[in-house]
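Below: one structure, written as structure tokens.
The values are calculated or read from the model by the stated rules, or taken from the named source; none is laboratory data. Just so it is clear, the model here is predicted, and its values are computed rather than measured. Virtual Cβ from ideal backbone geometry, glycine too; neighbours counted across all protein chains shown. Quick note on the areas: whole protein, heavy atoms, side chains included, nothing else; ligands and nucleic acids left out. Shrake-Rupley method; radii C 1.70, N 1.55, O 1.52, S 1.80 Å.
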Amino acid sequence: MKVDDGAPDSVRVSGPLTFANATVALDAMSAAVARDGRHTLDLAGVTRTDSAGLACVLAVLAKAAEHGHKLTVRNIPEGMRLLASVCEVEGLMV
């Protein structure tokens with residue numbers, strides 16, 4: 001899993017986002033999103049995900065909201081979208 005915050009307004013996540021790297025992923029995504037001017041979490045590069053990956057994304061969104069920061073998630077992988085739907089949390093990712 002790689003987190004790229006080189007773009008001025010977004011954080012791009014790539015590679016697997018799974019239970020195996022959830023702790024590292026959560027820390028990296030949270031730190032990158034906390035930087036000034038980050039409005040978008042872009043998941044286009046995520047190659048594999050599971051419930052832990054979904055939990056990471058939801059935790060990053062919640063942490064951003066706690067700090068009054070509006071964060072939009074783009075390019076949600078189909079597997080994560082389906083899992084969010086089954087768990088009835090897809091509305092949290094809009």
Filtering the range 34-80 down to residues that are outside any helix (DSSP H, G or I) and charged (D, E, K, R) yields 35, 36, 38, 42, 48, 50, 70, 74
Taking first residues from the range 49-76 that are under 17 Å from residue 91 (Cβ atoms) and open to solvent by 20 Å² or more (accessible area, probe 1.4 Å) and second residues anywhere that are of a type in the set (Ser, Thr, Tyr) and not in a helix (DSSP H, G or I), the pairs with Cβ under 7 Å that are 6 or more apart or on different chains are 72/40; 74/40
From the option list 11, 3, 46, single residue qualifying as surrounded by 14 or more Cβ atoms within 10 Å (Cβ to Cβ) and farther than 15 Å from residue 60 by Cα is 46
Within the range 81-94, restricting to residues that are over 16 Å from residue 13 (Cα atoms) and assigned to a helix (DSSP H, G or I), the one that is modelled with the lowest pLDDT is 92
